[in-house]
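Here's the structure we're looking at; comments come further down.
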Amino acid sequence: MSAIEEGFAMRGMKERLRLAGTIVLSASAMMMAAVSQASDGAVKVTPLGSHDGEFCAMDRALVFEDPNGTRILYDAGRTVAGADDPRLGNIDVILVSHMHGDHVGDRRIAGTGKGSCGRPEVPVATLPQSNTVDIAVAKGSTIVTGSEMPAFFAAKLEKAGGDASRSQLVRFGAEREVGGVAITTVPAVHSNGVAPSFLEGPLAEHLKAAGVTASVGPPTGYVLTFSNGLVAYLSGDTGITAEQKLVVGEHYGAGLAVMNIGDTYTTGPEEAAYVINDLIRPKSVIASHANEPATESGKVRDGTRTRQFMDAVGVPVHVPLSGRTMAFDRDANCVSGCQ
């Protein structure tokens, strides 16, 4: 081979190596872009509890953020420090499963970390409006509920200087889309009376004297379908229901479940595990409403209902540590933030 031919051959080899390197770099860039896109396309779930980094007795509230930016607050309860809570950010939609004080918010914390995980301090009274209504008015949020709750919240919003039309109804089997997220209510087996303390005037006095509550229809759970395709079931407070299999599992095909495990007032850990393992069969589950100081230094304590539930369930159980954001893809796989 002549020197000229060797030169051409060397240049050809270098060109092939350069092209091969470009292909490798392009493949790597495409892979990194795909990972980034998957993360960007995930639904973010942030628990708002009483003590940062823990799962505590009164913790109920979760904020769901759709990939399109829509933010949904579920059961604000007592552990959101009102509308000024710095953890809240913008809230487009508020969901309320039922009217009990620990879910709608008859009192609230003044800030995180006060009292113990088992007995958080909730010194701020929010009656007769509720923590939920205070947040909705300040944030301009839409409250989406089922049963007869929308009329109750519409009156509360108007009295607080808000917009009554922002209390919107979605009944069982129906669907309402807000901010690109489809919302429906599903049955829950629990009670749903409005305590007289949320009411004013003679009716409140009569109900209090009689020891009864006002009715706003049955309690609900929710099924949310996010813009990335993730379907999530929010149980509210419930016992075992046939609808968990037929409606939530088979019809909606929920991949992510938020399941109450507190016992006495709702399903206990063994009953909740049956719901997950045999009825809904989601890909993953977030424990909820444990009614106990479930963690210490962010680790689940032995002998707790939360530990019992985790040991009994056949899918990944994610513990809602306050302030720690989890992210789920369309198939309910946790892609970041889960232990």
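The values are calculated or read from the model by the stated rules, or taken from the named source; none is laboratory data. From a predicted model like this one, the values you see are computed outputs, not experimental measurements. Cβ sites come from the backbone with ideal geometry, for glycine too, and all protein chains shown count toward neighbours. Just so you know, the surface numbers come from the protein's heavy atoms only, side chains and all, with ligands and any DNA or RNA stripped out. Shrake-Rupley method; radii C 1.70, N 1.55, O 1.52, S 1.80 Å.
Observations on the model:
- Within the straight-line cut-off of under 12 Å between alpha carbons, the aspartates and glutamates reachable from Lys159 are Asp134, Glu200, sequence neighbours fewer than 8 places apart in one chain being disregarded.
- Electrostatic dipole magnitude of the chain [Cβ: Lys, Arg +1; Asp, Glu -1; Cα centre; debye, to 20]: 460
- Placing +1 on the Cβ of every Lys and Arg and -1 on the Cβ of every Asp and Glu, with no other charges, gives the stretch 97-231 a dipole of roughly 220 debye about its Cα centre.
- Comparing Leu199, Val124, Val275 along the charge dipole axis of the chain, the residue lying farthest to the positive side is Val124, per the Cβ-charge model.
- Estimated purely from DSSP H runs of n ≥ 4, each contributing -39500 (n - 2.57), the mean residue ellipticity at 222 nm for the chain is -8000 deg cm²/dmol once divided by its residues.
- A 1.4 Å probe run over the protein chains yields, for the chain, 44 Å² of accessible area per residue, whole-number rounding.
- In this simple spin-label approximation, Ser116 and Ser165 carry label points 7 Å from Cα along the Cα→Cβ vector, and these lie 5.1 nm apart.
- Derived scalar couplings between HN and Hα for the stretch 139-149 equal 8, x, 7, 9, 8, 10, 9, x, 6, 9, 5 Hz in order, rounded to whole Hz, by the Karplus curve 6.51 cos²θ - 1.76 cosθ + 1.60 (θ = phi - 60°), x for Gly and Pro.
- For peptides 301-307, 201-207, 284-290, 151-157, sequence by mean Cβ density within 10 Å, most packed first: 284-290, 151-157, 301-307, 201-207
- The stretch 71-164 - charge dipole about Cα centre, Lys and Arg +1 at Cβ, Asp and Glu -1, debye rounded to 20: 260
- Radius 11 Å from Cβ of Ser130, net charge of other residues (Lys, Arg +1; Asp, Glu -1): +2
- As a fraction of the 1.4 Å probe accessible area of the chain, surface on carbon and sulfur atoms comes out at 54 percent.
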